[in-house]
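Down below is the structure, laid out as structure tokens.
Rule-based calculations on the coordinates, nothing more; no lab input. Small disclaimer: the values here were computed from a predicted structure and weren't measured. All Cβ positions, glycine included, derive from the backbone under ideal geometry; neighbour counts span all protein chains shown.
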Amino acid sequence: MNISDSERVRSVLERIGYVWTDNEEEANLLGILACSVRQKPIDKVYNKISQWNRWKNKRNLVTFISGCILPTDKERFLKLFDLIFSMSELSQLPAMIRDYGVVTPGALDSSVTAMPANENIFQLWDVKPNYQSDFEAYVPIQNGCDKFCTYCAVPYTRGREVSRPSQEIIDEVAHLAARGYKSITLLGQNVNSYGLDKKGEEITFPELLRAIGEAGNKLQQKFWLYFTSPHPSDMTREVIEVISQYDCLAKQIHLPLQSGDDRMLIKMKRSHDLQKYREIVQDIRQLIPQATLFTDIIVGFTSETEEAFQNTVEAFQEFKFNMAYIAKYSPRPGAASYRWEDDVTNDEKKGRYQRLTLVLKRHAYRYNQSLVNKEMEILVTGKDRKGQYLQGLTEGKIITRIESLDESLIGKIVPAKIISAADFSLTAQLA
Amino acid sequence: MMDFKIDTNFYTVSQVRHLTEHAFVVQVPRRNFKFTAGQHLVLGMKDDYHTREYSIYSGENEEVLEVLVKEVEEGYLSPRLKQVKEGDSLEIHGPFGHFGIEEKKRDTHKHVFIASGSGIAPFRSMVKTYPELDYQLIHGVRTIDEGYERENYSTDRYVLCTSRDDNGDFKGRVTAYLHEQEFDKNTQFYLCGNSQMIFDVLELLKNKGFGRDSVSAEVYF
């Protein structure tokens, strides 16, 4: 979500004359789009702004912060940053910069930030983004969240779910695909809740996917459309059926499970249980058997017992995820669970993280191994870290190293033969 | 003409009812606040960014909006809320959540509400909203004084389970009471309160043949 937001911020800044630099030390306007889902990124914000404020002694520098900011952090940021605004206030950023040092009344009054209003979010979507890549793009389809998972503060930072008008989304995706973008990702906190805030007035998520699929069929350009993240409680067989029917709808599903234990899921207020998740996975395996499955997991959530953790391990064995973003639980101010005892020790969380990663690796490797000697299409995204190979992603988002240095292939989908597999990656030769 | 916007999230307290030493009901005029019985709201004091979620205690059609607050020792907001008085300003956002009675099951099913402590709040809202509802409310507390405003419920529908005195309708925990009960197959269960009670009741209901489709839960802590 922050990549998409930052593309829009960049667009606004460039329109008023700012020029992008990759060199932080020469910039005279520096900003952060924060993420409050976990504590670590917020800690980094504090480190960064203290560094920037030291630089201010030597040169002219204006700093700003936006994105997901909890009220507690916002009060502190007001003293540290020159400008602070919500993303729905983005259109006012040029005026704020003109009045450098003067924050908006909304930013000054912390009492109105307890639950940000979202009605101006449409102004954000009106801003044409300056895409950071020529072949990968992110398209926001909704803002906010109505789920109120107990470990998460997003509903307090981004407000209620608001769906972006479907025609805008379809037009933006079609425009990107026509320009040759190969990987387009629909973004939202709960993408498959799309339209539910405007029942009867807006199309549903599967209908949106179908409309994009139809648009994709009419285009001559090949592209893969992803979405992240869906919520299991709103995931329907219809969504999976639609994905199975259109080539441009990528066969990769990111479906956050968070815990394999029903008690933990209740305590997290996830509004789905393991059986519901199991039924979705069964539908995926039946209708799009080639799909890769990614998930999000929290280990060490408050009162998670060893037995509860073992249920997550068993869920990993059952669902055979290709990738899991495993987070060690950290209480977030503003989330309901912040007031509950964080009673799993850090060492235990670390241990569970490592044990779960081992299970994940085993299944991911087995899947990757099954691809060896197969020809697959790879979206070439750049060079690998050492600059010795090209790097890309399969349609299922498995990282693939390609034995080539032909940079003209970057941004293209190319056929390649898989020659070896590792835990979370593949090696391929151009076909 | 100057462009300004009135913030509609601030409400003036119209009444505070102290039910016990640590539990009280805060009431504000409902104005245009629309909600479904079972939902919660987010409440904070004016000029303070700390907020908490509270289930709505009043009915959908009442002219007032109420929450039941249990003071948390060493808590931040609830001790401050305990001090509010008529005329004070509160910040309210919402409604939120999906806990509630499924409309299609409202008249076709029996409804069993199982609450611990202040977890009774959403059920009072449901009972106030649907006076004709075929329900039973099982309320688990420590002592009889925690049977908050039990005169709101007809005695044949309300069971107070007290674990630390003999003055309730049943001496013991809700799980002990439920263990002895038989329920019709078309019963829908709603659980609200602490997570351990919810886990125990879920297990018990499972053993009685009621799966997750028959149970909705709202965890408080």
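Numbers below:
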read-out: Of every Cα-Cα pair in chain B, the percent that sits beyond 29 Å; value: 26
read-out: For residues of A:266-272, the mean tally of beta carbons on other chains within 10 Å; value: 4
read-out: Listed residues B:C161, B:G94, B:N186: farthest to the positive end of the dipole of the stretch B:87-218 (Cβ charges); value: B:N186
read-out: In sequence order, calculated HN-Hα J values of the stretch A:386-396 (Karplus, 6.51, -1.76, 1.60; Hz; x Gly/Pro); value: 8, x, 9, 9, 7, 10, x, 10, 6, 4, x
read-out: Packing-based exposure ordering (other Cβ within 10 Å, fewest first) of B:V42, A:V173, B:V72; value: B:V72, B:V42, A:V173
read-out: Hydrodynamic radius by Kirkwood, which averages 1/r over all alpha carbon pairs of chain A, in angstrom; value: 23.1
read-out: Greater than 24 Å apart at Cα, pairs in A:K267/B:K70; A:K198/B:K34; A:K269/B:K70; A:K320/A:K412; value: A:K320/A:K412
read-out: Cα→Cβ-extended label distance, 7 Å offset, between A:E75 and B:E73, nm; value: 2.6
read-out: Furthest towards positive pole of dipole, A:P230, A:L257, A:I418, structure part chain A, Cβ charges; value: A:I418
read-out: Shape call, the stretch A:221-269: gyration tensor on alpha carbons, a/c limit 1.5; value: prolate
read-out: Sites matching GluC sites (Glu not before Pro) across the stretch A:279-386 that sit in DSSP coil, with at most 12 neighbouring C-beta atoms within 10 Å; value: A:E341
read-out: Difference of contour (0.36 nm per residue) and Cα-Cα distance, B:E149 to B:K104; value: 13.3 nm
read-out: Taking chain A and dividing mean pair separation by its residue count, relative contact order in percent (alpha carbons under 8 Å, at least six apart); value: 11
read-out: Amide H partners (placed H, <5 Å) of A:Q391, local residues excluded; value: A:T381, A:G382, A:K383, A:D384, A:I402
read-out: Cβ neighbours within 10 Å from other chains - mean over B:40-51; value: 4
read-out: Highest-first arrangement of A:88-96, A:144-152, where packing means the average Cβ count within 10 Å; value: A:144-152, A:88-96
read-out: At most 13 other Cβ within 10 Å, DSSP loop - trypsin sites (Lys or Arg not before Pro), the stretch A:176-205; value: A:R179
read-out: Cα Rg, Dmax, the stretch B:10-96, angstrom units; value: 11.8, 35
read-out: Cβ charges +1 (Lys, Arg) and -1 (Asp, Glu), total dipole of the protein assembly as shown, debye; value: 1700
read-out: Cα gyration tensor category, rounded, prolate or oblate, for the stretch B:103-219 with a/c compared to 1.5; value: oblate
read-out: Virtual spin-label span in nm between A:N47 and A:T305, 7 Å along Cα→Cβ; value: 3.8
read-out: Cross-link reach list, lysines versus A:K44, counting only Cα pairs under 18 Å and skipping chain neighbours closer than eight places; value: A:K74, A:K79, A:K328
read-out: Low-density loop cleavage sites - trypsin sites (Lys or Arg not before Pro) in the stretch A:1-92, where at most 13 other Cβ are within 10 Å (DSSP); value: A:K56, A:K58, A:R59
read-out: Built amide H within the under 5 Å cut-off of B:L65, gap 5+; value: B:V28, B:R30
read-out: Net charge over other residues, Cβ less than 13 angstrom from the Cβ of B:E182 (K, R count +1; D, E count -1); value: +1
read-out: Computed [θ] at 222 nm, helices only, for chain B once each DSSP H run of length n ≥ 4 contributes -39500 (n - 2.57); value: -4500 deg cm²/dmol
